[in-house]
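Remarks on the structure that follows.
The values are calculated or read from the model by the stated rules, or taken from the named source; none is laboratory data. All figures in this text were calculated on a predicted structure; none of them were measured in a lab. Cβ placement follows ideal geometry from the backbone for every residue including glycine, while neighbour counts extend to all protein chains displayed. Keep in mind that these areas ignore ligands, DNA and RNA; they rest on the heavy atoms of the full protein, side chains included. Shrake-Rupley method; radii C 1.70, N 1.55, O 1.52, S 1.80 Å.
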Amino acid sequence: MKEHPEMKDQYERVLETLDSPDLIQIDDVTGGLLALRFYSLIPDSRKFVVVVYLEVSNSDGFITTAYLRKQPSSNKRIIWTQK
């Protein structure tokens, strides 16, 4: 949390974002996946919670970081969107 102190109180939103993202992007350089979910009631402004994670298998993986962002990254490829 040192690098993203704004995430200190966002634990439940991080879990919700992983469980039910609005979209998933991939970083083609690192292979990392980014789960994004929009929240209109995050303090200061409407923002996406972004959870960066790696999948080890279909049933295992780990979170590398999480942060807030005003919009999805334009240099990451979208691989899934909620319908």
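Could you look through region 35-65, keep only residues that are surrounded by 15 or more Cβ atoms within 10 Å (Cβ to Cβ) and farther than 14 Å from residue 19 by Cα, and pick out the one that is modelled with the lowest pLDDT?
So, considering only residues that are surrounded by 15 or more Cβ atoms within 10 Å (Cβ to Cβ) and farther than 14 Å from residue 19 by Cα, the one modelled with the lowest pLDDT is 42.
Restricting attention to region 43-50, does a residue exist that is out of contact with any strand residue (DSSP E or B) (no Cβ under 8 Å at 6 or more places or on another chain), assigned to a loop (DSSP other than H, G, I, E, B) and over 22 Å from residue 10 (Cα atoms)? First the steps, then the outcome.
The initial filter retains those residues of region 43-50 that are out of contact with any strand residue (DSSP E or B) (no Cβ under 8 Å at 6 or more places or on another chain), namely 43-45.
Now drop any that are not assigned to a loop (DSSP other than H, G, I, E, B), which leaves 43-45.
If we keep only those that are over 22 Å from residue 10 (Cα atoms) too, we end up with none.
Checked region 43-50: no residue is out of contact with any strand residue (DSSP E or B) (no Cβ under 8 Å at 6 or more places or on another chain), assigned to a loop (DSSP other than H, G, I, E, B) and over 22 Å from residue 10 (Cα atoms).
Scanning region 67-80 for residues that are open to solvent by less than 60 Å² (accessible area, probe 1.4 Å) and either out of contact with any Lys or Arg (no Cβ under 9 Å at 6 or more places or on another chain) or modelled with pLDDT of 95 or more (or both) returns 67, 72, 73, 76.
Mind listing just one residue for me: the one in region 1-17 that is free of Cβ contacts under 8 Å to residues at least 60 places away in the same chain and in contact with a Lys or Arg (Cβ under 9 Å, 6 or more places away or on another chain) and, of those, least open to solvent (accessible area, probe 1.4 Å)? Among those residues, the one meeting the criterion is 17.
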